[in-house]
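The values are calculated or read from the model by the stated rules, or taken from the named source; none is laboratory data. None of these values were measured; they are calculated from a predicted model. Using ideal geometry, Cβ is built from the backbone for each residue, glycine included, and neighbour counts are taken over all protein chains shown.
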């Protein structure tokens with residue numbers, strides 16, 4: 001019996017070692033710039049991001065809602081405003097959208113982005129933000145309002161991406177997370193944009 005247990009343990013250890021080696025090899029060999037960045041912390045703690053208050057603002061300002069939005073996410077997502085559907089719809093219909101002063105950012109992956117998104121949204125996949133940020137920052141830095149969304153509901157990709165944007169120079173006061181996300185947008189009958197693939 002001990003011999004079978006030892007043999008099973010050895011087989012499991014060999015299988016794990018081979019799996020890790022194959023995974024690292026494939027990640028290294030990928031030519032499409034979609035390999036996993038092994039040194040990147042994909043789940044950085046959002047509460048580690050510093051919050052910038054206007055000069056002379058009291059510390060209590062962190063808990064006060066900004067105009068048209070509130071700033072708490074379970075008490076630990078400081079500096080990120082959240083927005084409800086009605087606010088997001090009004091920003092979508094505002095002429096500032098076409099002027100590039102309101103920008104929607106989709107934190108989901110390429111496949112979900114292609115299958116349906118808020119029209120004009122910029123793709124910055126949270127898990128591959130290092131790939132998308134160089135181009136996206138040119139659009140996001142001059143914006144007055146950056147509305148980040150993912151699926152909605154329990155999806156936290158938009159929250160994590162918001163903090164990545166803050167770390168990359170976007171003003172915290174300019175970032176809003178659309179709580180309902182793409183699911184609510186589509187459920188409300190709002191326009192969507194899809195990538196058409198030609199055959």
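Applying the selection to segment 85-136, what residues are in contact with a strand residue (DSSP E or B) (Cβ under 7 Å, 6 or more places away or on another chain), without any contact (Cβ under 8 Å) to a residue 24 or more places away in the chain and within 20 Å of residue 157 (Cβ to Cβ)?
Across segment 85-136, the qualifying residues are 110, 122, 123, 132.
When the residues of segment 85-101 are filtered to those that are touching a helix residue (DSSP H, G or I) at 6+ places or on another chain (Cβ under 9 Å) and in a loop (DSSP other than H, G, I, E, B), which remaining residue is farthest from residue 178 (Cα to Cα)?
100
Would you call residue 149 in contact (Cβ under 8 Å) with a residue 12 or more places away in the chain, out of contact with any helix residue (DSSP H, G or I) (no Cβ under 6 Å at 6 or more places or on another chain) and in the same structural domain as residue 91 (by TED's automatic domain parsing)?
Numbers: in contact (Cβ under 8 Å) with a residue 12 or more places away in the chain: yes; out of contact with any helix residue (DSSP H, G or I) (no Cβ under 6 Å at 6 or more places or on another chain): no; in the same structural domain as residue 91 (by TED's automatic domain parsing): yes.
So residue 149 fails the test.
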